[in-house]
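As structure tokens, the structure follows; a few thoughts come after it.
Every number here is computed from the coordinates shown, using simple stated rules; none is lab data. This structure is a prediction, so every number in the text was calculated from the model and none was measured. Positions of Cβ are generated from backbone atoms using ideal geometry, with glycine treated the same way; all protein chains shown enter the neighbour counts.
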Amino acid sequence: MAKIDNYEVYTDVVKSLVTEAANNVEGIEVIDESKNVKGRSFRGQGVSVYLMRDDKATIDIFANIYLGYNVPDVVAMVQEAAKKAVEAATRYTVTSINVQVVSVIFPPNN
């Protein structure tokens, strides 16, 4: 059982795991609320985590998809990567991962 006083620490750890796993998938960029790109702003965080007392977690991811990538394929890869990362590093079982595509953007120039 999760201690309520450590709830914030747990959610921050899970958010970090999910953000890193999702950003490692080619074709997606998790929303970063601290960045305001060309007048676009996003209210809220790119990842929301809901931890239940029975060691289960539900995760919401808000992301941009790069132009030219297949949205359903990228979303499925993000869900799988995030689930594996959380379940490998914590005691939580991920019950659902909701990926909301906020926008389609041009890939960064490297």
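Points worth noting:
- Amide proton proximity set for I28, modelled H, under 5 Å, gap of 5+: Y66
- Zone residues, the range 69-86, relative to S16, backbone N less than 20 Å from point 7 Å out along Cα-to-Cβ: 81-86
- Table column - 3J(HN,Hα) (Hz), the range 80-86, Karplus curve with 6.51, -1.76, 1.60, x for Gly and Pro: 5, 5, 5, 4, 4, 4, 5
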